[in-house]
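First comes the structure, then the notes that go with it.
The values are calculated or read from the model by the stated rules, or taken from the named source; none is laboratory data. Nothing here was measured: the structure is a model prediction, and the numbers come from that model. Virtual Cβ from ideal backbone geometry, glycine too; neighbours counted across all protein chains shown. Accessible surface is based on the protein model in full, side chains and every heavy atom, while ligands, DNA and RNA are left aside. Shrake-Rupley method; radii C 1.70, N 1.55, O 1.52, S 1.80 Å.
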Amino acid sequence: MILAADIGNSLITLGLHDGEAWRARFRLRTVPEKTADEYAVLLQNLFRLRGLEDEVSRVVLASAVPPLVPVFQELGEGWLGAEVLVVGPGVRTGLSIRTDNPAEVGPDLVANAVAAYARFQGNCIAVDFGTATSFVAVAEPGMLLGVAIAPGLRTGIEALAERTAQLPRVPLGLPSSALGRNTVSAIQAGTILGHAALVDGLVRRIRTELGGKAKTVATGEWATLLSPLLSEVEAVDPWLTLEGLRLISARNP
């Protein structure tokens, strides 16, 4: 089996694939201070709870948190006895990265682009709702043209609470109206509906730059919550990044 791991600033998304299907997928909170031993205990307990005893032969890793790369390399090689493939420069992805500095493009964004292009087989956009909300665009015949990055949904709400004297942190939930009748509903309306409008607006602009035609898939922590509000998104796949990592692994035997 392969273990795909997407290490984000807030969450670590993990998936086990046996060559034919995903056997299990998990989300853990990102804790940069944890050691390989501590993550190994977490993983072994998760595997045991799912009744998984097959050996992991490879770990394929995308990380937005550099200090956790050696931790997961130690986890893969030392605890799992597996080969570790870290997505980065020199790894074959099947895409041509046409940005000014391809090494700057986050490996999670590359994985999203790989999975989206494999899904749609044409011009496409992947939107990832995490600590940041990121957009990556791919044009035929497999050219990653660029990225847009905005503050994430929770990041915006937390910044609002931290930078104001009277506005509280509020739970993330869909508002019933664009006009709130109390502080909580007002923040939810402005933040959540505003974020959906930001996403739809950027997707339309990116689609225009791709020639007017591109399909869009949403992924990440808040994709399912926001999907009813998005008019420019054709598909939602919370595990898109893992699928991209699986495809990258297959292209680097």
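Taking 0.36 nm per residue of separation and subtracting the Cα-Cα distance, what length does fully extending SER176 through ASP54 add?
Here the answer is 39.3 nm.
Accessible area per residue, 1.4 Å probe, Å², for the chain: what's the number?
Ligands and nucleic acids excluded, the result is 49 Å² per residue.
Taking the structure as given and computing Cα Rg over 2.2 N^0.38 Å, which label from (i) 1.01; (ii) 1.05; (iii) 0.93 fits?
Among (i) 1.01; (ii) 1.05; (iii) 0.93, the one calculated here is (ii).
For LEU42 paired with ARG23, estimate the spin-label separation in nm (one decimal), with each label point 7 Å from Cα along the Cα-to-Cβ line.
Label at LEU42, label at ARG23, 2.0 nm between them.
Over the stretch 144-241, what is the mean sequence separation of C-alpha contacts under 8 Å (at least six apart), divided by residue count, expressed as relative contact order in percent?
20 percent.
So for VAL199, VAL41, what's the accessible-area order with a 1.4 Å probe, most first?
VAL41, VAL199
Given contacts defined as C-alpha pairs under 8 Å and at least six residues apart, what's the relative contact order of the chain, whole-number percent?
Reported as a whole number, the value is 18 percent.
Ranked by accessible surface with a 1.4 Å probe, highest first, in what order do LEU202, LEU52 come?
From most exposed to least exposed: LEU202, LEU52.
Could you compute the net charge surrounding LEU160? Neighbours are other residues with a C-beta less than 12 Å from the C-beta of LEU160; K and R count +1, D and E count -1.
Neighbour charge sum, excluding LEU160 itself: +1.
Determine the percent antiparallel among the DSSP beta bridges restricted to the chain, to the nearest 5.
Roughly 55 percent of the beta bridges in the chain run antiparallel, per DSSP.
Given contacts defined as C-alpha pairs under 8 Å and at least six residues apart, what's the relative contact order of the stretch 81-150, whole-number percent?
Computed over the stretch 81-150, the figure is 29 percent.
With label points built 7 Å along Cα→Cβ from the Cα atoms of LEU193 and GLN73, find their separation and express it in nm.
Rounded to a tenth, the inter-label distance reads 4.9 nm.
Which of SER134, SER63, SER176 moves the most in a Gaussian network model of the chain with Cα springs under 10 Å?
SER176
Compare the peptides 232-238, 10-16 by average per-residue count of other Cβ atoms within 10 angstrom and give them in order, highest first.
10-16, 232-238
Nearest-5 percent of antiparallel DSSP beta bridges in the stretch 59-151?
75
Relative to the longest principal Cα axis of the chain, at what angle does helix 153-163 sit, 0 to 90 degrees, rounded to 10?
That works out to roughly 60 degrees.
Please give the contour-minus-distance gain from THR164 to GLU83: 0.36 nm per residue of separation, less the Cα-Cα distance, rounded to one decimal in nm.
24.3 nm
Report the residue, chosen from ALA40, ALA165, ALA223, that carries the largest GNM mean-square fluctuation when the chain is represented by alpha-carbon nodes joined by springs under 10 Å.
The residue with the greatest mean-square fluctuation here is ALA165.
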